[in-house]
1. Among the lysines, which fall within straight-line cross-link reach of Lys102, defined as a Cα-Cα distance under 24 Å, with same-chain neighbours fewer than 8 residues apart omitted?
2. Could you give the size of the charge dipole of the chain about its Cα centre, using +1 on the Cβ of each K and R and -1 on the Cβ of each D and E, expressed in debye and rounded to the nearest 20?
3. Once you have the Cα-Cα distance between Lys228 and Lys243, take 0.36 nm times their residue separation minus that, and quote the gain in nm to one decimal.
4. Please report the accessible area of Glu23 (heavy atoms, 1.4 Å probe, ligands and nucleic acids excluded) in Å², nearest 10.
5. Which ³J(HN,Hα) values, rounded to whole Hz and listed in residue order, are derived for the range 65-75 from phi using the Karplus coefficients 6.51, -1.76 and 1.60 in 6.51 cos²θ - 1.76 cosθ + 1.60 with θ = phi - 60°, glycine and proline given as x?
6. Place a +1 charge on the Cβ of each Lys and Arg in the range 121-165 and a -1 charge on the Cβ of each Asp and Glu, then give the dipole magnitude about the Cα centre in debye, rounded to the nearest 20.
7. With a 1.4 Å probe and all protein chains kept in place, how much accessible area does Ser189 have, in Å² rounded to the nearest 10?
8. Could you list which residues have their amide H under 5 Å from that of Ala232, counting only those 5 or more apart in sequence or on another chain, with H placed in the peptide plane?
Amino acid sequence: MIFQRAGLLFLIIFTSFVPVSAEDLVVTFIDCGQGEATLIQTPNGKNILVDAGVIEERENFDAGRDILIPYLTNQGIQKLDAAVFTHPHVDHIGGFLSLFKKIGVKSVYDPGYSYPTPEYKKLLELVQKKNAHFTVVRAGDKIDWDPALKVSVLGPPKNLPWDLPNNNSIVLRIEHGVVSFLLTADIESDAEYELIIRQGPKLASTILKVPHHGAKTSSTEEFLDYVKPEVAVISCGRHNRFKHPNATVVRRYKDRNVQVYRTDKQGTIRINSDGENYKVWVMGVE
């Protein structure tokens, strides 16, 4: 089906194969269970991974080993140009531990929030061992990943005003021509309001990665009124114990006529942008 909205043409296709033009920005929200992993493939051939899913030792599940290494290998990716640790919760950074043992990485971006979990400590040691360039980024920073893109760091604030990792997550806004992506990690209402105060109408983005897996503590009415997304992607696990996404939150998006996609329902979700139009490809749940 083809939809026309806000002057942007987007196409929803259910498929297991996605053709990619050399000029495209491709953002893939990988189905990795109750966690997040977003692969960014830039128009000039750079590969960036934002988060890497979870390790669940009790369930013998490792998103890096079980999902990401096979996925990246299938894509022909043997080395990442950059990895982003949005915040040090294990459902976002756990998979990097296995991944970095098989896949190389040049640069790492981190919010610089001290959080002494064993997984995060091991990960920082592994980054050092691999001689990856480690950079702390905060609101106001720009990242030069590709001349075809404008990548802005919107959060966390430079003074890290909160005591918990979620609100201190790295928030990225990526512009490719008139198409924009807002990647929000696990920010909650306090961080959303802070972004509204600092960014206001500049938050407006075509595609929104829904904050905190669609939890009821995020996606406030005011935040959505400023972002005004056309497409929202929720990364969450099937039948997860947190009951993400919250039904009221999902309704909040649908009441605004936002196209909602969920990795628990539709599997890996891939969005191609040529800078003027974008296409949504739904890979399906196996």
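The values are calculated or read from the model by the stated rules, or taken from the named source; none is laboratory data. It should be emphasised that the depicted structure is a prediction, and the values quoted were computed from it without experimental measurement. In this analysis, Cβ positions are derived from the backbone assuming ideal geometry, glycine residues included, and neighbour counts consider all displayed protein chains. With ligands, DNA and RNA removed, areas are computed over all heavy atoms of the protein, side chains included. Shrake-Rupley method; radii C 1.70, N 1.55, O 1.52, S 1.80 Å.
1. Partners within reach: Lys46, Lys79, Lys121, Lys122, Lys129, Lys130.
2. Numbers: 33 positive and 34 negative charges, 32 e Å.
That gives a dipole near 160 debye.
3. Separation in residues times 0.36 nm, less the Cα-Cα distance, equals 2.9 nm.
4. Taking all protein chains as shown, Glu23 has close to 120 Å².
5. Result, ordered by residue: 5, 8, 10, 6, 4, x, 5, 5, 4, 4, 7 Hz.
6. 160 debye
7. 40 Å²
8. Excluding prolines and chain starts, which carry no amide H, the hits are Leu208, Gln259, Val260, Tyr261.
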